[in-house]
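We did not get these values from a lab; they are worked out from the coordinates using the rules stated. Remember, predicted model here, so these are calculated numbers, not experimental data. Cβ atoms come from the backbone with ideal geometry, glycine included; neighbour counts cover every protein chain shown.
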Amino acid sequence: MLCSLRNFIHVNRRFPRHVSPCFPLSSVSCPFVWFTSFLCVIRYPFVTKTHPLDSNRDWIRNVVKNDLWEDPQINNLFDPIHVPRLLLDLKQDPRLALKFFKWSTNRTGSNHTVESYCIIAHILFCSRMYHDANSILREMVTLHNCDVFDALWSTRNVCVPGFGVFDALFSVLIDLDMVEEALQCFSKMKRCRVFPKTRSCNGLLQRFAKLGKREGMKRFFKDMIGAGSKPSVFTYNIMIDCMFKEGDVEAARGLFEEMKFRGLVPDTVTYNSMIDGYGKVGLLDDAVCVFEEMKSMSVDADVITFNSLINCFCKNGVLPKGLGFYREMKRSGLKPNVVTYSTLVDGFCKEGMMEQALKFYVDMRRVGLVPNEFTYTSLIDAKCKTGNLTDAFRLGDEMLEAGVEWNVVTYTALIDGLCDAERMQEAEELFNKMVAAGVVPNLASYNALIHGFVKAKNMERALELLNELKGRGIKPDLLLYGTFIWGLCGVEKIEAAKVVMKEMQEDGIKANTLIYTTLMDAYFKSGNPKEGLHLLEEMLQLDIDVTVVTFCVLIDGLCKNKLVSKAIDYFGRMSEEFGLQANAAVYTAMIDGLCKENQVDAATSLFEKMAQEGLVPDRTAYTSLMDGNLKQGNVLEALALRDRMDEIGMKLDLLAYTSLVWGLSQCNQLQKARSFLEEMIGEGIVPDEVLCVSVLKKHYELGCVEEAVELQGYLMKHQLLTSDKNNALPDM
């Protein structure tokens, strides 16, 4: 008895000083643990009479070693409560202890106590049987609903103290996705001054990253540093990647500098994360600087490095620079892979450089690389955007023949192409085919199809698809709501558009400038300028950007609603109050409004000012001013404007010719009107029948009968008059 007590005391003396000799009872969550551990360590040394097991220790060892489990004597000696004691007796031969532990599980038909699991775990770990120890810990954590750390701590004196078993437990909890339990284990390890290895901490950081729990990840990183754990390069790699995924570029930059300050040398993975992270947020110069540092530190760039550089420059529209890195990659002896080629193919497609995209596609196949779904889809999307649906579907067939299945992006690109071509029936059939193939449509798929139906003014079918989308649990985005508002405004259902806008705002989506401008335009066109102006005030109150396009709609709408004075007021305030510079469209809207109100002098001044500011008046501006001058009888000024158009190579369109012909005839300039009418027809521009009749009538009114008859014959020859009587012309 005294010998056993001395052994117990002697074991305790061998604890390292930095480890607490015992765990506070207040923290023990399973009462059975401390009770059974007390029995395990204290009970047997104080037994006063000899136990049968003491005299048969060698016999027990022989039974276990030689598998003599059928010996009838074992039933007389064995009792489940003796398992911990027998394990302790067999600890010098851990393989026999494990063998006995497994056999006794099958014999009892029930699970071992937590105490037995802890003892065998300690024995195995001290014997460096780490794989078996981990299996035992995993089994114990899975089967027993109590705090395993407390149980392990209370039985730590079974063997010469080795505290790696606690790190193993921490790792097992992480592997089992028991994140909260792992955090509790870490906290208790800190209190007992038994710290997990950095590798194990990295495992928990990775698990947080995999689960998307970035806040928990950042907290644990601070805790592990605070506990004195030394982060490795791998630790920083995990954290830098996390910061970039969260969009916190400055935090990632700070971690990169911190790891170097700690004396850690960034590896290829670190530099790749930095380059990719900077590239994705458009910090191209920073990405290049990191690459140059990487080379100066003699850290080898790999295929991923160059792919990240090529990708970030291609995605940001700097294709030549991306090509430069592609060439450098080849010079360095690295072989471009499928990702490299696919990125370049996509880059060329987005720039509309189909010939070069196809060249890289052919090169890719020539070197034995199989295009993936991204490669094919980039080409298909580009073909659809150029309206070449035949080639797009041919590539789709080639994709399937190569064993590459269409994904949701492929289907969406083709559906979008069909919708743009107004082939709505085929688009819907392909959408249904996608669903039947088990490919789940996403928001972009619905956006494409709904936009097609809205454009076709089939709002009923578009609404059905919107409800279907919501039924799938997909939330409409700003683009989809904007499409509906635009479509409803197009069919003059402005109040319905307002309802959609309200629903959008209730979903937490803020209307943007485009949506407000669309609604404002619809109100002005419907003859309700008051509501149009109210929307402008609402934009200002909600701090939504008022753009030049908004002002163009505003001024044009006010002018068309005969509120020219208000339009002049807003035109004047545009620069002073809103800090916006009027463009050609705004000037044109103002000039047209002034002309329609017979304020030709003011319109002319604005026209000249427009030219002085370096803005080129368009055909509409010229036409409006010509029309205004002719209405006031200013024939010479109108013809001078026509000559200026001719000098700069600006051809007249239907509206311009109509204004000239009608205006000149109303000014009794019949010869000039006839000349422009014939020029118009000669240019292949078909005049309106009303215009032809008005010119003819003017000839008759002025008594130019012979010229009228000749002109009428000319117009009938060109099939521009349907019937003399219908045109109400005088009888000849």
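How compact and how long is the stretch 179-266, expressed as Rg and Dmax of its alpha-carbon atoms in Å?
When restricted to the Cα atoms of the stretch 179-266, Rg and Dmax are 12.7, 37 Å.
Got a sec? Which residues in the stretch 469-508 would a label at Gln541 touch, if it sits 7 Å along Cα→Cβ and we count backbone N under 15 Å?
502
Along the Cα-to-Cβ line of Glu468, 7 Å from the Cα, sits a label point; which residues in the stretch 402-436 have backbone N less than 15 Å from it?
Only 412, 415-416, 419, 424-436 pass the distance filter.
How much FRET efficiency would the formula 1/(1 + (r/R0)^6) give for Glu328 and Arg365, where r is the Cβ-Cβ distance and R0 is 35 Å, rounded to 0.05? Mind showing how you got there, number by number?
Working: r = 23 Å, r/R0 = 0.67.
Between Glu328 and Arg365 the formula returns 0.90.
Suppose R0 equals 35 Å; then what is the FRET efficiency for Val318 and Asp643 from their Cβ-Cβ distance, rounded to the nearest 0.05? If you can, show how the numbers build up before the last one.
Details: r = 45 Å, r/R0 = 1.29.
The formula returns an efficiency of 0.20 here.
Report the extension gain between Lys213 and Asn512 in nm, rounded to one decimal, defined as 0.36 nm multiplied by the number of residues separating them, less their alpha carbon distance.
Stretched out fully, the Lys213 to Asn512 stretch lengthens by 104.5 nm.
Rg over Rh of the stretch 651-732, using C-alpha atoms and the Kirkwood radius, what does it come to?
Value, to two decimals: 0.93.
For the ranges 559-567, 578-586, 225-233, what's the packing order if you count other beta-carbon atoms within 10 Å of each residue, average per peptide, and put the highest first?
Sorting 559-567, 578-586, 225-233 by mean packing, highest first, produces 559-567, 578-586, 225-233.
So, in nm, how far is label Arg262 from label Glu139 when the simple model puts each one 7 Å beyond its Cα toward the Cβ?
3.8
How large are Rg and Dmax for the stretch 231-336 when calculated on the C-alpha trace, in angstrom?
Every Cα atom of the stretch 231-336 included, Rg and Dmax give 13.3, 40 Å.
For Asp223 paired with Met353, estimate the spin-label separation in nm (one decimal), with each label point 7 Å from Cα along the Cα-to-Cβ line.
5.1
For Val233 and Met178 in the same chain, what is the full-extension length gain: residue separation times 0.36 nm, less their Cα-Cα distance, in nm?
17.3 nm
So, R0 is 30 Å and r is the distance between the beta-carbons of Tyr714 and Leu636; what FRET efficiency does that work out to, to 0.05?
Between Tyr714 and Leu636 the formula returns 0.65.
Considering the zone a paramagnetic label at Lys530 would reach in this model (a point 7 Å from Cα along the Cα-to-Cβ line), which residues of the stretch 493-508 have amide N under 19 Å from it?
Residues 494-496, 498 fall inside that zone.
Subtract the Cα-Cα distance of Leu443 and Glu683 from 0.36 nm times their separation in residues, and report this length gain in nm to one decimal.
The Leu443-Glu683 span can extend by a further 81.7 nm.
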